[in-house]
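Derivation of every value follows stated rules applied to the coordinates shown; laboratory data play no part. All figures in this text were calculated on a predicted structure; none of them were measured in a lab.
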Amino acid sequence: MSSLTDLKERARSLLEEGHSPGQIADELSLSMETVTWLLTQPKGDTAPRDVHIDWTCVSCDATLLESAASMMIDRYLPPAERREPLDADVIVGIAISGIPLATLIGAREGCRLAVYHPAKHAVSETPIGSISGNFASVQEKRCIIVDDVITSGKTIAEVIGYLRRHGGDPVAVWVLFDKRGITEVEGVPVYSLFRISRID
């Protein structure tokens, strides 16, 4: 999916299938602003500044996905510097794309797994984010937040706020791609494998 036309068609198709704009943004690794523009495209409106990232060749292959998770661990603390286990109790995967990465990281590092459903996925009048009750609790736990892409940083800030309000201690954010070039969110350090920049 490389052209703007392809992105518009994919966004409209996902909307017709019942996906919320937030879910579409996650599926296409785009900001909500860009997804809104793709779906509505007001006349005379210029396209938002965004970069589409298609990493399906990795996300669809369990072996490559495991390698990506391993690189995320090594980015946080290079093997030559590791003398102790990971300094976290719970790996928090942000739905949807952060969950497989968080699962693989948790399995390798012996950490528990929590799953966060962001507010942008909610369909209620007053959307809120939440930790799934089917996975680990975050209360009084050191947590590493895992996702595929930081687009605006809003979802990461939301998760950090949620963890703090519910007794969790967010110690790091791990992402594959950082489209903002940031080193921290709400005082929590960000470790990305790739920083994506748009140069016009």
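The relative contact order of the chain, computed from alpha carbon pairs under 8 Å that lie at least 6 residues apart in sequence, is 17 percent. Of the candidates P21, P127, P170, which one comes out as most mobile in a Gaussian network treatment of the chain with C-alpha springs shorter than 10 Å? Per the Cα network of the chain with a 10 Å cutoff, P127 tops the list. The amide H of W174, built 1.01 Å from its N in the peptide plane, has I145, V146, D147, Y191 as neighbours under 5 Å, considering only residues 5 or more places off or on other chains. Taking each DSSP H run with n ≥ 4 as -39500 (n - 2.57) and averaging over every residue of the chain yields -11000 deg cm²/dmol at 222 nm.
Kirkwood radius and radius of gyration were both taken over the C-alpha atoms of the chain, and their ratio Rg/Rh is 0.97. Cα centroid separation, region 47-61 to region 136-160: 20 Å.
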